[in-house]
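The values are calculated or read from the model by the stated rules, or taken from the named source; none is laboratory data. These numbers come from a predicted model, not from an experiment. A quick note on method: Cβ atoms are made from the backbone with ideal geometry, for glycine too, and the neighbour counts reach across all protein chains shown. Heavy atoms of the whole protein, side chains included, go into the accessibility calculation; ligands, DNA and RNA do not. Shrake-Rupley method; radii C 1.70, N 1.55, O 1.52, S 1.80 Å.
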Amino acid sequence: MTQKKKDTIKSLAIHSKDVGSTEIQIGLLTDKIFKLSEHFKRANKDKHSSLGLAKSVNKRKKLLVYLKKKNSDSYKKVIKQLNLRK
């Protein structure tokens, strides 16, 4: 695993062995979306990766809706920590 991925998991983990909670999935998708956005600044004709970006954005959106419904405190923490909404 890359160091950035480890840092994201560590900062959003609920307990010490947590690697797959909704919060972590949202954080990892956010990193992936940021990385793909940077890629499109160099390669704007890459249509296959744009499909992957759209899928990642939609998946993160669904996970955020789920988290907001199930645990609003955790939702607010994730939003604030990842700077997703204003």
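What to note about this one:
- Distance (nanometres) between label positions extended 7 Å along Cα→Cβ at LYS45 and LYS68: 3.9
- Residue-normalised accessible area of the range 2-86, given per residue in Å² at a 1.4 Å probe: 76
- Sulfur and carbon atoms: percent of accessible area, the chain [1.4 Å]: 55
- Assigned charges on the beta-carbon of Lys, Arg, Asp, Glu; the chain dipole about Cα centre (debye): 280
- Principal axis box of the chain, alpha-carbon based, largest edge first, Å: 40, 28, 21
- Ellipticity at 222 nm from helices only: DSSP H runs of n ≥ 4 in the chain, each -39500 (n - 2.57), divided by the residue count, give -25500 deg cm²/dmol.
- Restraint check, LYS35/LYS70; LYS4/LYS61; LYS6/LYS69, Cα-Cα greater than 25 Å: LYS35/LYS70; LYS6/LYS69
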